[in-house]
1. Below 8 Å, C-alpha to C-alpha, sequence gap of six or more: please give me the relative contact order for the chain in percent.
2. Nearest 500 deg cm²/dmol is fine: what mean residue ellipticity at 222 nm does the chain get from its DSSP H runs of n ≥ 4 alone, each adding -39,500 (n - 2.57), divided by its residue count?
3. Compare Glu131, Glu46, Glu119 in a GNM of the chain, Cα atoms joined below 10 Å, and give the one with the largest fluctuation.
4. Assign one of three labels to segment 50-114, namely rounded, prolate or oblate, based on the Cα gyration tensor with a ≥ b ≥ c the square roots of its eigenvalues; rounded applies when a/c is under 1.5, prolate when it is not and a/b is larger than b/c, and oblate otherwise.
5. Running a GNM on the chain with Cα contacts under 10 Å, which residue among Ala155, Ala61, Ala99 ends up with the highest mean-square fluctuation?
6. Cα axis of helix 102-120 to longest principal axis of the chain: angle in degrees, 0 to 90, nearest 10?
7. What's the ranking of 28-41, 100-113 by average number of surrounding C-beta atoms within 10 Å, highest first?
8. Cα centroid distance between segment 66-109 and segment 28-55, in Å?
Amino acid sequence: MAEDDARTLADERRRLLHELEVERNQLWRNIEACRIRDIERPFIGEWSLKDIVGHVASWEAEVVTSLRELADGKHPAILDFDERNLDVWNRDHVERKRAIDFSSMLDQLRGGRIRLSDELDVFTDEDLADETSLPHRLVRATIDHDRQHWHEIAARLAGMSGARSTGPASVVEEAHAKP
């Protein structure tokens, strides 16, 4: 590979990972702007802020698992996920985490991002720069998922009835999509 090509791939990787960081930081800023009463009470639809944080952490854990499976040469289970079960999966995972305190939920969100970064270190610049690769699509899905939820939180904080669409509806949908 030519030096310029390698540099371009490294730049693309950096841009993608920077966008991942930017969207998570925005999610954090919006979480921090919420009121204490929003933590446990319905905030967006029937979900509290804690439910939303748990939901984002759960999906990030699924992405981490998929990347680990891919790195180990296995077929990532996320590719077999039936999108028709998405609402049930989301409700089930939110319900499982309801007994966890908010501080622990925030720790899960922080820890998930650390694990995601560690898993991404295994992949080459080419893997992450190639828009058709599964690692790239999973990172893109994580970016879009963070963006979707911080937009919803921002809209709610602004007193708006909803947020504008930010892309595909789910991590699974985006993992399955091929550009």
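Laboratory data are not the source of any read-out in this text; all were calculated from the coordinates shown. All figures in this text were calculated on a predicted structure; none of them were measured in a lab. In this analysis, Cβ positions are derived from the backbone assuming ideal geometry, glycine residues included, and neighbour counts consider all displayed protein chains.
1. Relative contact order, the chain: 33 percent.
2. -22000 deg cm²/dmol
3. Glu46
4. Oblate.
5. Highest fluctuation among the options: Ala99.
6. Here the helix axis deviates by roughly 10 degrees.
7. In decreasing order of mean packing, 28-41, 100-113 become 100-113, 28-41.
8. 19
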